[in-house]
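Encoded as structure tokens, the structure appears first; notes follow it.
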Amino acid sequence: MLLFGLTGSIATGKSTVSSILRDPPYNLPVIDADVLARKVVEPGTPGYAAIVSHFAPSTPDLLVPAAECGGREDGPGGLGRPLNRPALGRRVFGGGDATVKDRKVLNGIVHPAVRREIYKAMLRAYLRGNWAVVLDIPLLFESGWERLCGTVLVVAVSEPEVQTRRLRERDPHLSEEDARNRVMSQVDVREKAEHALRRGPGAGVVVWNDGDKEDLKKEVERVMKEVQARSPKWWAWLLLVCPPLAGVTALMSFLKMWRIQRQWEQEKKRE
Ligand SMILES: CC(C)(COP(=O)(O)OP(=O)(O)OC[C@H]1O[C@@H](n2cnc3c(N)ncnc32)[C@H](O)[C@@H]1O)[C@@H](O)C(=O)NCCC(=O)NCCS
Ligand SMILES: Nc1ncnc2c1ncn2[C@@H]1O[C@H](COP(=O)(O)OP(=O)(O)OP(=O)(O)O)[C@@H](O)[C@H]1O
């Protein structure tokens, strides 16, 4: 099964591309890390308890008001009021040193739980006999998941202003400053695009999303031809029926990508 990592930066168009890949003619199953990141912090989960314990004392509006939970202080399901995500977002994306520290704490709570959910979803996709599965992970490079992926697809735009504009159109509650802070708190997507291309043809591809949505579909078509040429379906089926071959191939791919990643990091340190 081809692990197909999909990434980009905030509002570059990852969700739009993932829904194109989910639909015909591609029909690929998608594991969405953002959806899982929401699931693992729902009231009643260990993630929720850890966030409340760390952030509640210093964030008075951390939970949605009881009035929005039918007046119940203990939330609609009795397990606690849901997190007020915009308030938590301001804590971890607001800019400044404290923000960086808070983001690390939040990531330390959310990421291990998301990782466990991704492994479970991958196993389900494998057992269903899929030839490929899309891992839609905004922090694919930062989290190290890219080394496990046979192909990495970065959805990129050429100018950060395009991200800020689309972000504000989608989330009107964000001020210009909020939107800009969110864009600036992430690695520049052009750097991610360069990183992906370093993996070689078919193993790292970039979908440029500077035009309209029709242009985006054509871009996806272009890169999928490149991916399918490198990783034909018969090869995926062969790996499916021959797990030892799949194991050896995965290990070789992992080592190659680990080497490329190390070279990349060394070059970035020298710059
Ligand atoms: C801070 C939170 C509550 C804000 O929620 P909100 O609904 O307002 O935003 P949303 O989750 O849609 O995130 C918007 C985008 O910001 C980016 N983003 C989210 N979390 C992070 C992070 N920790 N670091 C960098 N970028 C991030 C992603 O590109 C994401 O698609 C939320 O982003 C969160 O819980 N983040 C920590 C978990 C995480 O890292 N998720 C990313 C995938 S695992
Ligand atoms: N080519 C395009 N032209 C116009 N609008 C677009 C285009 N691509 C995406 N959008 C819009 O921009 C917004 C952001 O796109 P999308 O949600 O797909 O990005 P994302 O990378 O998944 O964002 P996030 O990181 O915040 O989850 C959405 O409202 C989407 O409809």
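The values are calculated or read from the model by the stated rules, or taken from the named source; none is laboratory data. In this text, all values refer to a predicted model and were calculated from it rather than measured experimentally. Don't worry about glycine lacking a Cβ; one is built from the backbone with ideal geometry, like all the others, and counts go over all protein chains shown. These accessible areas exclude ligands, DNA and RNA; they are computed on the full protein's heavy atoms, side chains included. Shrake-Rupley method; radii C 1.70, N 1.55, O 1.52, S 1.80 Å.
Looking for whichever is within 18 Å of residue 87 (Cα to Cα), of a type in the set (Gly, Ala, Ser), within 13 Å of ligand 1 (Cβ to nearest atom) and assigned by TED's automatic domain parsing to the domain that holds residue 211 here; the options are 175, 185. Which one fits? Don't jump to the end; show me each part of the working.
Numbers: 175 fails: within 13 Å of ligand 1 (Cβ to nearest atom).
185 is the lone residue from the list that is within 18 Å of residue 87 (Cα to Cα), of a type in the set (Gly, Ala, Ser), within 13 Å of ligand 1 (Cβ to nearest atom) and assigned by TED's automatic domain parsing to the domain that holds residue 211.
Each row is one residue, and each column tells you yes or no for (1) under 24 Å from residue 179 (Cβ atoms); (2) free of Cβ contacts under 8 Å to residues at least 12 places away in the same chain; (3) in the same structural domain as residue 139 (by TED's automatic domain parsing); (4) in contact with a Phe, Trp or Tyr (Cβ under 6 Å, 6 or more places away or on another chain).
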{"position": "48", "(1), (2), (3), (4)": "no, no, no, no"}
{"position": "54", "(1), (2), (3), (4)": "no, no, no, no"}
{"position": "71", "(1), (2), (3), (4)": "no, yes, no, no"}
{"position": "76", "(1), (2), (3), (4)": "no, yes, no, no"}
{"position": "80", "(1), (2), (3), (4)": "no, no, no, no"}
{"position": "97", "(1), (2), (3), (4)": "yes, yes, no, no"}
{"position": "110", "(1), (2), (3), (4)": "yes, no, no, no"}
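Among the residues of region 203-248 satisfying the criterion of being basic (Lys, Arg) and more than 16 Å from ligand 2 (Cβ to nearest atom), which is surrounded by the most Cβ atoms within 10 Å (Cβ to Cβ)?
Residues of region 203-248 basic (Lys, Arg): 213, 217-218, 222, 225, 230, 233.
From the residues that got through so far, the ones that are more than 16 Å from ligand 2 (Cβ to nearest atom) too are 225, 230, 233.
Details: 225: 10, 230: 15, 233: 11.
The extreme case among them is 230.
Give 134, 105, 52, 64 a once-over and let me know the one that is open to solvent by less than 20 Å² (accessible area, probe 1.4 Å) and within 15 Å of ligand 1 (Cβ to nearest atom). Steps first, please.
Working: 105 fails: open to solvent by less than 20 Å² (accessible area, probe 1.4 Å); 52 fails: open to solvent by less than 20 Å² (accessible area, probe 1.4 Å); 64 fails: open to solvent by less than 20 Å² (accessible area, probe 1.4 Å).
Exactly one residue qualifies, and that residue is 134.
Taking residue 155 as the residue in question, decide whether it is outside any helix (DSSP H, G or I), open to solvent by less than 20 Å² (accessible area, probe 1.4 Å) and near ligand 2 (Cβ under 10 Å from one of its atoms). Let's see the steps before the verdict.
On the way: outside any helix (DSSP H, G or I): yes; open to solvent by less than 20 Å² (accessible area, probe 1.4 Å): yes; near ligand 2 (Cβ under 10 Å from one of its atoms): yes.
Yes.
Please go through region 6-39 and pick out each residue that is more than 8 Å from ligand 1 (Cβ to nearest atom), among the charged types (D, E, K, R) and out of contact with any Asp or Glu (no Cβ under 8 Å at 6 or more places or on another chain).
If the condition is that a residue be more than 8 Å from ligand 1 (Cβ to nearest atom), among the charged types (D, E, K, R) and out of contact with any Asp or Glu (no Cβ under 8 Å at 6 or more places or on another chain), then 22, 23 are the ones that fit.
Can you tell me which residue in region 158-181 is nearest to residue 210 (Cα to Cα), limited to those that are outside any helix (DSSP H, G or I) and open to solvent by 90 Å² or more (accessible area, probe 1.4 Å)?
Start the filter on region 158-181 by keeping residues that are outside any helix (DSSP H, G or I), which leaves 158-159, 171-175.
Of the ones still in play, those that are also open to solvent by 90 Å² or more (accessible area, probe 1.4 Å) are 159, 172-173.
Working: 159: 8, 172: 21, 173: 24 Å.
So the residue we want is 159.
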